[in-house]
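Contents: one structure, followed by commentary.
The values are calculated or read from the model by the stated rules, or taken from the named source; none is laboratory data. None of the values given here were measured: they were computed from a predicted structure. Cβ placement follows ideal geometry from the backbone for every residue including glycine, while neighbour counts extend to all protein chains displayed. Ligands, DNA and RNA are excluded from the accessible area calculation, which covers all protein heavy atoms including side chains. Shrake-Rupley method; radii C 1.70, N 1.55, O 1.52, S 1.80 Å.
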Amino acid sequence: MGTSSGSHFNHQSSPAMLPPRQQPRGLQTSLSLVSHDVNGSSNLQERGSNSDQVRESPSESASSRDTWPTPDALVVRKMEKERENGLAETSIVRLSSGSDKMSLRDVVQERIHVIAERMQNLPDEYLDKLKNDLRLLLDGSGNAQHREEFLFLQKLVQSRGDLTDKSLPMTHRVQLEILVALKTGIQAFLHPSVCLSQAALVDIFLYKRCRNIACGSVLPAEDCTCEICSMRNGFCSLCMCVICNKFDFEVNTCRWIGCDLCSHWTHTDCAIRNGQIGMGPSVKNGSSSPEMIFRCRACNRSSELLGWVKDVFQHCAPSWDRGSLIRELDFVSRIFRGSEDSKGRKLFWKCDEIIEKLKTGVAEPMACKEILMFFQELEVEPLQSQESDESNRLIAPQEAFSKIAEVVQEAIRKMEMVSEEKLRSVKKARLAVEACDQELKDKAREVATLKMERQRKKQQIDELENIVRLKQAEAHMFDMKAGEARREAERLQSIARANTNKSEDDYASRYLQQRLSEAEAEKQFLFEKIKLQESSRAIMEQSWRK
């Protein structure tokens, strides 16, 4: 196991691993990476002897419970019958666009090079629409028709024999992502922020690489020849559960149990359901006694659980929040529910007790300290029982005095340690009080500064309000003056119009008088000219007569 103390019932030990899983390499994403056994294997095994005593998690994570899409034999059989009768095309919803350029069924059924050429000519918006349609099928929140459509498409992909390492590299990028997502049931391959190379997608499709994007290990594992790694296509011993084949990003938790001997991982829930956790023989300190053990399905060897739980809590519990601590205590409670040894039963009772305390408002550090002290007490109990056995026999006075001196020295040493711890606590508390006092003084100064700033701002606001009122009065005065000026301008305009009309009349009168005098002068001139002409004509007539 990830943090087991190293005691195994086959008398083998290994260095304790960091609890309880190594951090997953690469991408840390919040996308749903739920996978399932693409071969359709049910992985059902008979429960162990304590299967009726342990309870399952009330809320298992998405990667440890059987979440859809999972191929259902009855649904698949129904789909085959409908397809034979020619009804499948009408009874299943086709998630294609209104233009009907291409559907998901076309991508799955048509030849690779045909779809690749068609996708080259399609706009990116339409390709994104295809991926969104498939994402809707994989989301798990759709109706029964979506589920049946996914199962039908997945069966078509798995039944095609032309999808090989030679043909897949010639596919379009979106085409390959759709095929991989359908075969694995993982919608993360369709997400725009997840960008794997074409070769990596081909390896994942052909079970040559782990489908966990954060792992990406080459498959199968070269250093493991166990039945699980050699018989299951696409199984990765670094991140997948040996029972359900699923993976997630949970670390530093009792939710995963790792085998110290073969380094395979198993969900705690899966181990409980399949009877991999139960009572078994153990040899410790020369005395044989049954205890709670974990049997690894990969190597069929056993590991004790009490030391593993203790290591996990010692390494990880101080960093857990309230919710995480309650969840981990619940896992431990369910692991040791069927325990028949005294330590396992005490741990079971203690977990339930601390969970109730946490629900009633006890602080997480206090609960964490209590469970860690409990593990220390479990280690001290064998020594105390051994000392009580030795005290029952008669011992020499000198030996008794020596033991009393040792006990006194041990008590003094513990008292000194406690005293030093208390002194450190007092010093830390004093420093904390001084820091709080200093912080209060700083806050008081800040408050005084803020009050002064507030008063100054208030004065500025009053000044601005006075200025605004003055400007409003000025604006009102200017408005009145503007009205008076407007009325005066209108009066002057009317006077100007009257003067203009009068001057025009005077001008017309003078003009007419001038024209009349000119006409009179012209008339007089013509009259004089006529008279001159008549006198000249008379003179001429007289001269003719002579």
Matching entry among Glu177, Glu149, Glu117, Glu125 (being touching a Phe, Trp or Tyr at 6+ places or on another chain (Cβ under 7 Å) and either within 16 Å of Ser103 (Cα to Cα) or open to solvent by less than 10 Å² (accessible area, probe 1.4 Å) (or both)): Glu177
Identity of the residue in the stretch 109-129, part of a loop (DSSP other than H, G, I, E, B) and farther than 17 Å from Leu179 by Cβ, that ends up farthest from the chain's Cα centre (by Cα): Asn121
Odd one out for Asp165 among (1) open to solvent by less than 70 Å² (accessible area, probe 1.4 Å); (2) not in a helix (DSSP H, G or I): (1)
Flag if Ala317 is closer than 21 Å to Phe247 by Cα and of a type in the set (A, V, I, L, M): no
Lone qualifier among Ala498, Ala475 - being in a helix (DSSP H, G or I) and under 60 Å from the mean Cα position of the chain (by Cα): Ala475
Selection within the stretch 217-246 - open to solvent by 40 Å² or more (accessible area, probe 1.4 Å), touching a residue at least 12 places away in the same chain (Cβ under 8 Å) and more than 26 Å from Asp162 (Cβ to Cβ): Glu227, Leu238
Unmet requirement for Ala200, which otherwise passes all of (1) open to solvent by 10 Å² or more (accessible area, probe 1.4 Å); (2) within 17 Å of Ala116 (Cα to Cα); (3) under 26 Å from the mean Cα position of the chain (by Cα): (2)
Where a residue in the stretch 201-216 is closer than 17 Å to Ile178 by Cβ and its partner, wherever it lies, is among the polar types (S, T, N, Q) and assigned to a helix (DSSP H, G or I), with Cβ under 9 Å and at least six apart: Ile204/Thr184; Phe205/Thr184; Arg211/Thr184
Subset tally (residues that are closer than 16 Å to Ala188 by Cβ and either at pLDDT below 85 or buried (at least 21 other Cβ atoms within 10 Å of the Cβ) (or both)) for the stretch 128-146: 5
Checklist (1) under 24 Å from the mean Cα position of the chain (by Cα); (2) closer than 19 Å to Leu137 by Cβ applied to Ser193, failing item: (2)
